[in-house]
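Just below is one structure, and these are the notes that go with it.
The values are calculated or read from the model by the stated rules, or taken from the named source; none is laboratory data. Here the structure is a predicted model, which means the values were calculated and not measured. Heads up, the Cβs are rebuilt from the backbone with ideal geometry, glycines too, and the neighbour counts pull from every protein chain shown.
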Ligand SMILES: *Cc1c(COP(=O)(O)O)cnc(C)c1O
């Protein structure tokens, strides 16, 4: 068997051990410490956010963000349907109801026109959602301006799920920093990793302070342990923050490498009939965290699943595009506005190996398999 090629595997930069050694030497083996503080400051500067809070996962960050914009039992929250389940689970933790919004073709992200329709209909019915969660998929920003404008008109806070979009831009700014709050993930497969971790950002200092309190078991200021609300254990370890600081320093190199993977795939595969790459929308930089294609079986001569299985036989990991949330057994009872675009992208879409540590030989192996399927070999 040839060596396995992963979809997106951790890529260490070389500085991590030095930072981690420092954490050990100083004995800050705890969910607080100098690396946590420094990681927050450096991350905030990197994305242009006034305040950042390091947490144990992106999911934890989204949970706190939603609670702090006021989401609670019985509320409705509008959210992109084409995403990973972690965008939606925290809505359910809070006892609220997700209402899904379909994607548009230009970016594969939330369709601003459908969002506007949903908000208008709800404003007329007197049932506005408590929040909107907009997801920035596969390394590309959603079209934020019309989304923020529509939500602003109705006074609905926007929480950005930028877990997959660190390093991308929207009109020169960083998605994740334009709504009321934004979240990022440092899971092992993301563009930078701490093995596991997340970040909550906001320009609202009060929100971040409250999130800090909730993430550390909600202790009130008192010499003894005093609690007036329910807290969580959601802080990031100082050891993992050390890894994150080193990873952040190579973020631009990681974006460049992933974009180079994408350029290679485009040059090798875009001439094949029925192969279409996820578009880069005109409003900013797509990091190509994952290179994703859609395959039209009538023109390509095989469907997405045939290509995925052929890759798997060569020990190459590829994945279907996210299965839309409105099709998931756990969420299928909840409403969805539109859905056809996301369903179509799921049916035909494939994520190709995209790690920043892939070699040209590995990329060539992937291309060879895709070409062979097309040629019926
Ligand atoms: C990875 C991911 C998350 C969750 O982040 P974790 O750090 O794994 O909890 C949330 N939303 C999206 C879109 C993701 O891809």
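The residues of the range 198-248 that are outside any loop (DSSP other than H, G, I, E, B) and out of contact with any helix residue (DSSP H, G or I) (no Cβ under 8 Å at 6 or more places or on another chain), listed by number, are 205, 206, 208, 209, 212, 213, 216, 240.
To keep it simple, each residue is scored yes or no on (1) away from the ligand (no atom under 11 Å from the Cβ); (2) over 12 Å from the mean Cα position of the chain (by Cα); (3) surrounded by 24 or more Cβ atoms within 10 Å (Cβ to Cβ).
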| residue | (1), (2), (3) |
| --- | --- |
| 139 | no, no, yes |
| 149 | yes, yes, no |
| 179 | yes, yes, yes |
| 191 | no, no, yes |
| 197 | no, yes, yes |
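Those helices (runs of 4 or more DSSP H) of the range 266-377 in which at least 2 residues are buried (at least 16 other Cβ atoms within 10 Å of the Cβ), within 21 Å of the chain's Cα centre (by Cα) and modelled with pLDDT of 95 or more, considering only elements entirely within it, cover 340-348.
Residue 276 meets all of the listed conditions (1) touching a strand residue (DSSP E or B) at 6+ places or on another chain (Cβ under 6 Å); (2) touching a residue at least 40 places away in the same chain (Cβ under 8 Å) but one, namely (2). Kindly provide the set of residues from the range 110-137 that are within 14 Å of the ligand (Cβ to nearest atom) and touching a strand residue (DSSP E or B) at 6+ places or on another chain (Cβ under 6 Å), ordered by number. Across the range 110-137, the qualifying residues are 110, 133, 134, 135.
Which is free of Cβ contacts under 8 Å to residues at least 60 places away in the same chain, under 30 Å from residue 255 (Cα atoms) and over 15 Å from the mean Cα position of the chain (by Cα), of 45, 124, 105? Walk me through how you get there before you give the answer.
On the way: 124 fails: under 30 Å from residue 255 (Cα atoms); 105 fails: free of Cβ contacts under 8 Å to residues at least 60 places away in the same chain.
The match here is 45.
Restricting attention to the range 217-250, the residues that are more than 22 Å from residue 49 (Cα to Cα) and away from the ligand (no atom under 14 Å from the Cβ) add up to 17. Checked against (1) closer than 30 Å to residue 90 by Cβ; (2) in contact (Cβ under 8 Å) with a residue 12 or more places away in the chain, residue 370 passes all but condition (1).
Restricting attention to the range 50-73, which residues are part of a loop (DSSP other than H, G, I, E, B) and crowded, with 24+ Cβ neighbours inside 10 Å? Give the derivation first.
In the first step, residues of the range 50-73 are kept if they are part of a loop (DSSP other than H, G, I, E, B); the result is 50, 56-57, 69-73.
Of everything in the range 50-73, just one residue is part of a loop (DSSP other than H, G, I, E, B) and crowded, with 24+ Cβ neighbours inside 10 Å, namely 71.
So which strands (runs of 3 or more DSSP E) are wholly in the range 121-189 and hold at least 2 residues that are out of contact with any helix residue (DSSP H, G or I) (no Cβ under 8 Å at 6 or more places or on another chain) and not assigned by TED's automatic domain parsing to the domain that holds residue 236? Explain how you work it out, then say what you get.
Numbers: elements: 131-135, 158-161, 181-185.
Ranges flagged: none.
Kindly evaluate residue 206 against the criterion of being out of contact with any strand residue (DSSP E or B) (no Cβ under 7 Å at 6 or more places or on another chain) and without any contact (Cβ under 8 Å) to a residue 12 or more places away in the chain. For residue 206, the condition - out of contact with any strand residue (DSSP E or B) (no Cβ under 7 Å at 6 or more places or on another chain) and without any contact (Cβ under 8 Å) to a residue 12 or more places away in the chain - is met.
Which of the residues belonging to the range 220-249 are more than 30 Å from residue 15 (Cβ to Cβ) and in contact (Cβ under 8 Å) with a residue 12 or more places away in the chain?
Looking only at the range 220-249, we keep the residues that are more than 30 Å from residue 15 (Cβ to Cβ), and these are 220-232.
229, 230, 231, 232, listed by residue number.
Report whether or not residue 86 is more than 10 Å from the ligand (Cβ to nearest atom), touching a helix residue (DSSP H, G or I) at 6+ places or on another chain (Cβ under 6 Å) and either in a loop (DSSP other than H, G, I, E, B) or in the same structural domain as residue 148 (by TED's automatic domain parsing) (or both). No.
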